[in-house]
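No lab work stands behind these numbers, since they all come straight from the coordinates. The model shown is predicted, which means the values in this text are computed figures rather than measured ones. Cβ atoms come from the backbone with ideal geometry, glycine included; neighbour counts cover every protein chain shown.
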Ligand code: FES
C-alpha cells in the first residue's frame with residue numbers, strides 16, 4: 001500500500017516504526033465492522049491511586065517498564081505507550097491495538113472537554129487510525145495536527161482528535177488521564193461507542 005510522504009522538516013514521530021500489517025488492518029476493520037470488541041481493553045478504574053489502576057509505559061520498552069510521569073512527556077513530541085497494570089506490573093502489550101499516543105500540548109488551546117481529560121497539558125488517544133488501523137503518531141507542527149502516514153488522515157488533538165483531513169471517518173478514541181501518585185494513569189473506562 002502506497003504511503004503518503006510528508007515534509008519531514010515539520011513532523012515529529014515516536015521512534016516506533018510499526019505500522020499496520022495487512023493482517024492488522026483486516027483485524028481492525030473486522031472489529032470496527034462488528035462493533036463487538038473495544039480496541040483498548042480498560043479495567044474499570046479510578047482517577048487516583050487505587051488497586052488495579054492502569055498506568056502508562058513507553059511502548060518501545062522491552063523490559064524494565066517505568067510508568068510515565070507528566071514530566072516525561074515533552075511539548076509536541078508524541079510517544080506511543082501501552083497501558084500498564086500496576087498490580088501485576090505487566091504492560092498490556094499483547095496487541096498493538098492497545099497502543100496509545102501521548103503528547104503534551106498547550107492547555108489554553110484545548111476545548112474544555114479535551115482539557116478536562118488532560119493532566120498538565122498531557123492528552124492521550126488511541127493511536128490506532130480509525131481508517132485502516134495504522135499507527136497515528138506523527139505530529140505536524142505547522143498544522144498542529146497528528147497525522148497518519150498511511151493515507152494522510154489528520155486529527156485535531158486540541159478538540160477530541162476530530163478528523164480535519166483525510167479518509168478517516170471518526171475521531172481517535174480519547175483516553176481520559178488522571179494522576180495516580182506521580183504517574184499518569186487512565187482515569188476511567190471509556191464510554192462505549194455507538195453500536196457497541
Ligand atoms: S490508515 Fe488510512 S489514513 Fe490512517
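Anisotropy class assigned to region 82-142 is oblate, per the alpha carbon gyration tensor with a/c at or over the 1.5 cut-off and a/b no larger than b/c. Cβ-to-Cβ counts within 10 Å put 54, 94 in ascending order as 94, 54, the fewest first. Distance between the pseudo-spin-label points of residue 113 and residue 62 (7 Å out from Cα toward the beta carbon): 4.1 nm. The orientation-averaged projection of the convex hull spanning the C-alpha atoms of region 48-196 amounts to 8.8 square nanometres. 7 Å from Cα along Cα→Cβ at both residue 143 and residue 188: what's the point-to-point distance in nm? Result for the modelled spin labels: 3.2 nm.
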